[in-house]
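Enquirer: Have a look at the structure that comes next, please.
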Amino acid sequence: MFPFGRDWADEILSFGISVNEPSLKVESGAVQVRLVSHNGGMALFGQVLTAMITPFDSTGALDIAEAVRLAKWLQDNGNDGLVISGTTGESSTLTDPEKLELWEAIIGAVTIPVIAGSGSNDTAHSVHLTKEVTKMGAAGILAVGPYYNRPPQSGLIGHIEAMANATTLPVVVYDIPVRTGRKISTESLAYLANNVKNVKALKDAAGNPAEAANLMAMVPKDFELYSGDDGLTLAFLAYGGSGVIGVATHWSAPEHQLMINAFHSGDVKKARAINDILLESYAFETGDANPNPIPSKVMMNYLGFNVGQCRLPMGPPPAGLDVRAREVHANLEKARAALRG
């Protein structure tokens, strides 16, 4: 009746999930999580964070009220922290005033850490936004590798150093070469981790957990590794990862918490079983025909939010994606129901 043991069923129920109701109607209870870093200490920002989508209204304008509503819901449904205006937040289509307004609103609305995506491919501009959001009380800075420019490694280091020197906040380096066009090398990441005092973490979306293992052997013990690819989170945990900055975590953060907790508790079999439940969500969240964040916006609209569609060049979702969202969510609910018997 309880395929992975009654203890797991009790654990998921501690999140307040009602498997007989749509997720939007969940009233979460106190969430107990293990926030474990690769040195066995407490993870800096928690272990499950969501790179939050940015809601737009029917005219394409930023919808602050809906962004606040979504952020509060994510906080109440298994997330330890939020990344605002990252890739999934369509940062490249947001104006500076929109980013500032969004950061200020979310920081003021939630009690969990808010990491601000203040980086771009313009170092001076990134420094300026980093200074501005530091004044607002953000918990950290997300520094994406500069995109389109394709700088040498010395330029990548210089760019991130400039952002880090503009703030006292911890900096999460974001390596996503599939979007930036340039991989931040392991040697460059190790240099930053060892020589820039507030470079404290990496969001790794480079798709190579084995190389992350090499990095973790080269960095200080308090350096944090976050998976930037939901489907590789379990692999990253084996190499010292602290958790995930995810996308499918919009609707499945409790399961991510359970998977990470199981792994850190030494129950790899349970962690793999939970990961299997999440495979469909991983496949749904992005793809060539429906790149992130198009599917996540469809899913959250289905769950009762009004987040609108993506701004161009992403644009509207293709026909039928809403049907697929319902199927993915229904299957996730069935997996949750199995725990209840």
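Values in this text are rule-based calculations from the coordinates and carry no lab data. Since the model is a prediction, treat every value here as computed from it, not as a measurement. Backbone-built Cβ (ideal geometry, glycine too); neighbour counts: all protein chains shown.
Enquirer: May I ask you to order 290-303, 213-226, 247-260, 145-158 by the average number of other C-beta atoms within 10 Å around their residues, highest value first?
Expert: Top of the packing list down: 247-260, 290-303, 213-226, 145-158.
Enquirer: Between A337 and K72, what length comes free when the chain is fully extended (0.36 nm per residue of separation minus the Cα-Cα distance, one decimal in nm)?
Expert: This chain segment gains 92.9 nm when fully extended.
Enquirer: OK, next. With each run of n ≥ 4 DSSP H residues scored as -39500 (n - 2.57), what mean residue ellipticity at 222 nm is computed for the chain after dividing by its residue count and rounding to the nearest 500 deg cm²/dmol?
Expert: Using -39500 (n - 2.57) per qualifying helix, the result is -13500 deg cm²/dmol.
Enquirer: What number do you get for the stretch 71-173 when its Cα radius of gyration is normalised by 2.2 N^0.38 Å, N = residues?
Expert: Expressed relative to 2.2 N^0.38 Å, the Cα Rg reads 1.04.
Enquirer: Residues of the stretch 129-161 with amide nitrogen under 20 Å from the 7 Å Cα-to-Cβ point of D222?
Expert: 138-143, 161
Enquirer: If each residue's Cβ is checked for other Cβ atoms within 10 Å, how do V244, V199 rank with the fewest at the top?
Expert: V199, V244
Enquirer: Now for a separate question. For the stretch 154-194, compute Rh as the Kirkwood radius over C-alpha pairs and then the Stokes-Einstein diffusion coefficient at 10 °C and 1.306 mPa s; write the answer in µm²/s, rounded to an integer.
Expert: Taking Rh from Cα pairs, D becomes 147 µm²/s.
Enquirer: Connecting C-alpha atoms closer than 10 Å in a GNM of the chain, tell me which of V323, V171, V68 has the biggest fluctuation.
Expert: With Cα springs under 10 Å in the chain, the top fluctuation among V323, V171, V68 is at V323.
Enquirer: Going 7 Å from the Cα of A162 along its beta-carbon direction, which residues of the stretch 175-217 have the amide nitrogen within less than 15 Å of the resulting point?
Expert: Inside the label zone: nothing.
Enquirer: Restricting to Cα pairs below 8 Å that are 6+ residues apart, what does the relative contact order work out to for the chain? Please round to a whole percent.
Expert: 20 percent
Enquirer: Along each principal axis of its Cα atoms, how long is the stretch 37-274 end to end? Whole angstroms, biggest number first, please.
Expert: Computed over the Cα atoms, the extents are 47, 41, 29 Å.
Enquirer: Gain in length, D122 to S265, computed as 0.36 nm per residue apart minus the alpha-carbon separation, to one decimal in nm?
Expert: Additional length available on full extension: 47.2 nm.
Enquirer: Which FRET efficiency value, to the nearest 0.05, is calculated for Q309 and D276 with the Förster distance at 45 angstrom and r the Cβ-Cβ distance?
Expert: 0.90
Enquirer: Please report the net charge: other residues with Cβ closer than 10 Å to the Cβ of A248, K and R +1, D and E -1.
Expert: -4
Enquirer: To check you understand DSSP bridge types, tell me what percent of the beta bridges within the chain (both residues inside) are antiparallel, rounded to 5.
Expert: Given both bridge residues lie in the chain, the antiparallel proportion sits at roughly 5 percent.
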